[in-house]
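Some notes on the structure that comes next.
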Amino acid sequence: MSLQEAITEFRGQFHGTVVEPSDAAYDEARKVYNGMIDRKPRLIAKCTDVADVITAVKMAKANDLRVSIRGGGHNAAGLGVCDDGLVIDLSPINYVRVDPSARTVLVGGGCKWRDVDHATHAFGLAVPCGFIASTGVGGLTLGGGIGHLTRKYGLTIDNLLSVDVVLADGSFVVASSEENSDLFWAIRGGGGNFGIVTAFLFEGQPVHTVCAGPMLWELKDAADVMKWYREFITQAPEEMNGFFAMMTVPPGPPFPEPLHMKKMCAIVWCYQGSLEQANTILEPIRSYRPPAFEFFAPMPFPMLQSLFDPIYPSGLEWYWKADFFNEISDASIEKHVEFGEKLPTWQSTMHMYPVNGKVNRVGTGDTAFSYRDAAWSSVIVGVDPDTANREKITQWARDYYDALHPFGAGGAYMNFMMEEGEDRIRATYRGNYNRLAAIKAKYDPGNFFRVNQNIRPAA
Ligand SMILES: Cc1cc2nc3c(=O)[nH]c(=O)nc-3n(C[C@H](O)[C@H](O)[C@H](O)COP(=O)(O)OP(=O)(O)OC[C@H]3O[C@@H](n4cnc5c(N)ncnc54)[C@H](O)[C@@H]3O)c2cc1C
């Protein structure tokens, strides 16, 4: 049977939408969040349920098609889409079911975090996620998941109870700490290497209204603020989260006009508690270096989650570099200030996310996510809508990374990486790599799922 005949047969068995290059919907369907990515798959299968996912896996296997798994389409390296192969697009599987008495949240494999935030908020709950609501649950969770609630509740995977998975041979399994526990260990940080997760069962945490928002300082204060921050955030109550940023002030409200487009540094806070308590905890920085501007107030957690979405619409070009850090040394702070002054475009930024607190209380070998002993996860992103600036944003991010990397812990958060080769992947999983490779050999010996930060099956 020719591939075209196989596709015709597949269309008959599939409930969702199938998109081919000749279809009008093709160019829209192959776009991912990062505008730098321009891949042309042979086929896009928008799955409506688990049966569709199984059908798509079997079809790809029978026809020797390369497969990419698409959740929210946000991946830095654009790993949700592939050239010439089959994109298994989970976006129509976007249900969320909250069980308030069990405090669990069942999430379809194609959801975005905004779907989860919306559904859980009505019950006074939240699932610890990231910093942006438009990111996919699938990719973020399977890589680990770092966000506003990390210090108190750990990574997103630390709140994961079980998953439904379609494996490389088209079979379906459930994985949890009781069932297929090796697979459950591997998917908690190992990305999309082991199968297609069609449902995630999370523990919901009692988070409703938080006191949150950014404080901004002039770059002349950046070194002092960063030195204060590195001591503060490792000692602060775990209800307080705050990430440090080098940024340009967006040209619009709520920022005052005189600050628009000014290069500054910031800390974006999220406190689970009263405004009075928050103000007591933050009094030292306000009196030590009063912020040039702050927008810190009680707000519903979903509002905080979507605060930055308008600044980062889909389709901008992004170039990513990342590292974990155990400490922020004085010498590294000099580099941050130097590259903060050289931010190449207003949407380009550097974030330093704390991964201490609850994250550090889980062992480095307890889940595939290895860097439990790091204190920060940094990301440097060159961002701009204009392709003409691609070289400029890429070079700035690379130079910044080259200057910072010698101060790093070795590896990087895999969700913040472009395609950087096997050495970087090994550096990220450290002592967990060989176990991951052995589990890959058990569940996906032919490396069917290889459009990802790939872990090769052990020989
Ligand atoms: C603007 C922006 C903000 C971000 N903020 C954060 C943040 O705050 N915290 C954080 O931790 N990360 C953050 N990230 C990184 C994010 O976690 C990764 O980009 C992640 O890969 C996105 O997941 P996705 O499902 O949207 O990606 P996709 O591009 O759809 O998928 C990426 C990869 O994930 C795997 N995958 C996705 N869904 C599934 C599934 N259901 N089953 C199996 N494999 C799957 C596949 O291997 C796929 O190749 C951010 C990214 C962006 C662009």
Taking the alpha-carbon distance from residue 392 and a cut-off under 13 Å, which aspartates and glutamates remain once sequence neighbours fewer than 8 residues away in the same chain are dropped? 317, 384
Treat region 71-135 as a sphere of radius equal to its Kirkwood radius over Cα pairs and apply Stokes-Einstein at 4 °C in a medium of 1.567 mPa s; give the translational diffusion coefficient in µm²/s, rounded to a whole number. 100 µm²/s
Would you mind checking the radius of gyration and Dmax of region 1-112 based on alpha-carbon positions, in Å? 14.9, 52
Hey, can you find the accessible area per residue of region 88-208 for me, probe 1.4 Å, expressed in square angstrom? 28 Å²
How long are the semi-axes of the equivalent ellipsoid of region 290-405, taking √(5λ) for every eigenvalue λ of the Cα gyration tensor, in whole Å from largest down? 25, 21, 16
Can you give the angle from 0 to 90° between the axis of helix 433-443 and the longest principal axis of the chain, with both taken from C-alpha atoms, to the nearest 10? 30 degrees
Residue-span extension gain [residue 181 to residue 2] - 0.36 nm each, minus C-alpha spacing: 60.5 nm
Taking only protein heavy atoms and a 1.4 Å probe, what accessible area per residue, in Å², does region 12-65 have with all protein chains in place? 47 Å²
Sorted by accessible area (1.4 Å probe), largest first, how do 320, 269 line up? 320, 269
Cα-only radius of gyration and Dmax that characterise region 311-351, units Å: 12.6, 36
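With charges set only on the Cβ (+1 for Lys and Arg, -1 for Asp and Glu), what does the dipole of region 1-134 come to about its Cα centre, in debye to the nearest 20?
On the way: 15 positive and 16 negative charges, 64 e Å.
Computed charge dipole of region 1-134: roughly 300 debye.
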Spin-label model distance (nm) - residue 362 vs residue 62, 7 Å beyond Cα toward Cβ: 3.9 nm
Mind checking the angle between helix 50-62 and the chain's longest principal axis? C-alpha axes, 0 to 90 degrees, to the nearest 10. 70 degrees
For a test of the definition: using alpha carbon positions, the gyration tensor, and the 1.5 limit on a/c, classify region 199-273 as rounded, prolate or oblate. oblate
One finds, for residue 20 and residue 260 with R0 = 41 angstrom and r their Cβ-Cβ distance, a FRET efficiency to the nearest 0.05 of 0.35
Modelling each spin label as a point 7 Å along the Cα-to-Cβ direction, I'd like the residue 309/residue 373 distance in nm, to one decimal. 3.9 nm
Determine which residues of region 417-444 fall in the zone a paramagnetic label at residue 173 would reach in this model, i.e. backbone nitrogen under 13 Å from the point 7 Å along Cα→Cβ. 438-444
In Å³ and rounded to a whole number, note down the convex hull volume per residue for the Cα atoms of the chain. 137 Å³
If you plug each phi of region 368-374 into the Karplus form 6.51 cos²θ - 1.76 cosθ + 1.60 with θ = phi - 60°, what whole-Hz ³J(HN,Hα) values come out, in order, with x for Gly and Pro? 5, 5, 8, 7, 6, 9, 7
Kindly provide the helix-only [θ] at 222 nm of the chain, computed as the sum of -39,500 (n - 2.57) over DSSP H runs of four or more divided by all residues, to the nearest 500 deg cm²/dmol? -8500 deg cm²/dmol
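Count charges around residue 375 for me, please; just the other residues with Cβ under 15 Å from its Cβ, Lys/Arg as +1, Asp/Glu as -1.
Result for the local shell: +1.
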With every protein chain in place, what's the accessible area of residue 46 (1.4 Å probe, Å², nearest 10)? 50 Å²
So if R0 is 45 Å, what FRET efficiency would residue 231 and residue 123 give, r being the distance between their Cβ atoms, rounded to the nearest 0.05? 0.75
At a 1.4 Å probe, what is the % contribution of carbon and sulfur to the accessible area of the chain? 51 percent
Taking only protein heavy atoms into account and a 1.4 Å probe, give the accessible area per residue of region 239-338 in Å². 41 Å²
Just from the alpha-carbon atoms, what are the Rg and Dmax of region 215-333 in angstroms? 15.0, 41
What is the projected area of the convex hull of the Cα atoms of region 22-75, averaged over all directions, in nm²? 4.3 nm²
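The values are calculated or read from the model by the stated rules, or taken from the named source; none is laboratory data. This structure is a prediction, so every number in the text was calculated from the model and none was measured. Counting neighbours? That spans all protein chains shown, and the Cβs are built from the backbone with ideal geometry, glycine included. The accessibility values were calculated without ligands, DNA or RNA, using every heavy atom of the protein model including side chains. Shrake-Rupley method; radii C 1.70, N 1.55, O 1.52, S 1.80 Å.
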